[in-house]
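For reference, the structure discussed in these notes is given below.
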Amino acid sequence: MRFFGFIALSGFLLSFPNCLALDPIILPDIQSDISSTHLAQPSSSPSPQPSIVLPSISSITNITALSSLGFGTLPRPKDPSTFTLDGSTLSLRFSDYGGPLPIPQVLACLIQALLQSFDRVLTNRGDVPLESDLEFTLRHVLLIAYQDGGDGHGGRGGGVMTYDVLKRAVAGIVGFMLDYGSFAFNVEVLDRRERGVGRLFLTYI
């Protein structure tokens with residue numbers, strides 16, 4: 001399911017691959033500013049888990065600002081690695097690391113997901129579950145988001161992947177990328193009991 005409302009922005013990005021002329025899209029913040037520390041380094045001890053400080057939505061959608069910050073200053077964390085989302089009961093488990101991905105195309109896919117999240121919440125006057133699997137693409141990058149509802153270990157009993165959860169997961173992915181770089185990976189969204197809520201898959205096509 002593609003987000004057709006984003007076609008104009010995607011076309012603009014294709015015309016300007018470096019994304020330096022793109023004006024920011026102002027949307028409500030999730031939590032903190034992009035200039036905050038994004039991730040705590042994973043520790044060798046199982047508890048507590050490192051956390052992701054969520055960047056603001058307006059900062060994420062300002063591709064010029066994001067591009068100027070630089071990506072990937074830290075070595076990749078172990079595969080898999082789990083990070084809690086700061087100020088939330090959710091956590092993200094990153095795994096199945098792949099090759100590098102072009103940052104502008106990845107950001108465009110993530111922004112598509114954010115815009116669709118806000119559109120669905122506004123249309124329904126409140127948060128709602130994902131009705132089906134979602135796909136967001138630009139050139140050679142594909143982002144898929146879908147329900148899980150498992151226990152994080154192949155079983156059942158998890159929560160529901162809603163558009164608000166998707167929004168927070170996307171912000172967490174941006175925080176992850178700002179520290180570790182832009183590359184392919186799987187993301188499991190887990191609740192406080194580490195039960196599966198949803199999954200995102202970022203890959204090269």
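Which of the three applies to region 91-152, rounded, prolate or oblate, going by the alpha-carbon gyration tensor with a ≥ b ≥ c and a/c under 1.5 meaning rounded?
oblate
DSSP loop trypsin sites (Lys or Arg not before Pro) in region 102-205 with at most 14 other Cβ atoms within 10 Å of their Cβ, which ones?
125, 192, 193
Going by a ≥ b ≥ c, the root eigenvalues of the Cα gyration tensor, does region 102-205 fall in the rounded group (a/c under 1.5), the prolate group (a/b larger than b/c) or the oblate group?
oblate
Could you give the dipole magnitude of region 161-205 about its Cα centre, charging the beta-carbon of Lys and Arg +1 and that of Asp and Glu -1, in debye to the nearest 20? Walk me through the intermediate numbers first.
Working: 6 positive and 5 negative charges, 29 e Å.
Approximately 140 debye in magnitude.
How would you classify region 154-205 from its alpha-carbon gyration tensor, with a ≥ b ≥ c the square roots of the eigenvalues: rounded for a/c under 1.5, else prolate if a/b is greater than b/c, otherwise oblate?
Prolate, because a/c is 1.5 or more and a/b exceeds b/c.
Where a number appears in this text, it was derived from the coordinates with a stated rule and is not lab data. All values reported here derive from a predicted model rather than from experimental measurement. Please note: Cβ atoms are built from the backbone with ideal geometry, for glycine as well, and neighbour counts cover all protein chains shown.
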